[in-house]
Amino acid sequence: MATCELSISVVCEPARWASKRSRSGAIDPHARSAPPDILLERVLSYARTHLTRPDLTPAAIAAAHGISLRGLYRLCSRSDISLEQWLIEQRLEGARRTLSAPNGRTRPIGAAAHAWGFRDASHFARRFREAYGVTPRAWQRTPEPRTRPGQPDRTGQHP
């Protein structure tokens, strides 16, 4: 009887530890065994897909991939990525595009911030100003949409 119980735990435990739930909720038995570069790409892809969710946190990302929070940070640091900063930068860029769009020029700043996962409009405004050198309102009111320094504009020209 002990042999049977032992064999069940040996067979079941690795599958439990190696599994993760995908976006659809299905279990991916290869999540933990994926090479670090593949796992990092999955993590970043997942984060990009869920950027607009305010509850997207490193802990939620780690849980979605069946890895520990510490393991997630280690994975990102190997590629010189600060996950929290990366999330903020991606969200800021999305909000910048929203505010530059024709229908975004009349949208309340707080609504644009919230739509991109920021819970606090003042925190968003502060981070936006640090990243782009102008307030979100000033960006929104600029006649021609500007780009981030060093990036090409809509026509492909560099500033």
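The values are calculated or read from the model by the stated rules, or taken from the named source; none is laboratory data. The shown structure was predicted, so the numbers you read here are calculated from the model rather than taken from an experiment. Counting neighbours? That spans all protein chains shown, and the Cβs are built from the backbone with ideal geometry, glycine included.
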message: Whether any residue in the range 41-58 is surrounded by 17 or more Cβ atoms within 10 Å (Cβ to Cβ), among the small types (Gly, Ala, Ser) and modelled with pLDDT of 95 or more is what I want to check.
response: yes
- prompt: Within the range 81-104, which residues are over 26 Å from Leu40 (Cα atoms) and touching a Pro at 6+ places or on another chain (Cβ under 9 Å)?
  reply: Leu99, Ser100, Ala101
- line: Over the range 119-133, the set of residues in contact with a Phe, Trp or Tyr (Cβ under 8 Å, 6 or more places away or on another chain) and either of a type in the set (Ser, Thr, Tyr) or at pLDDT below 95 (or both) is Tyr132
message: Can you say whether Ile8 is in a helix (DSSP H, G or I) and either at pLDDT 95 or above or in contact with a strand residue (DSSP E or B) (Cβ under 7 Å, 6 or more places away or on another chain) (or both), as far as the supplied structure shows?
response: no
- request: Could you list, in sequence order, all residues of the range 81-134 that are in a loop (DSSP other than H, G, I, E, B) and either in the same structural domain as Thr57 (by TED's automatic domain parsing) or not acidic (Asp, Glu) (or both)?
  value: Ile81, Ser82, Ala101, Arg107, Pro108, Trp116, Gly117, Phe118, Arg119, Gly133, Val134
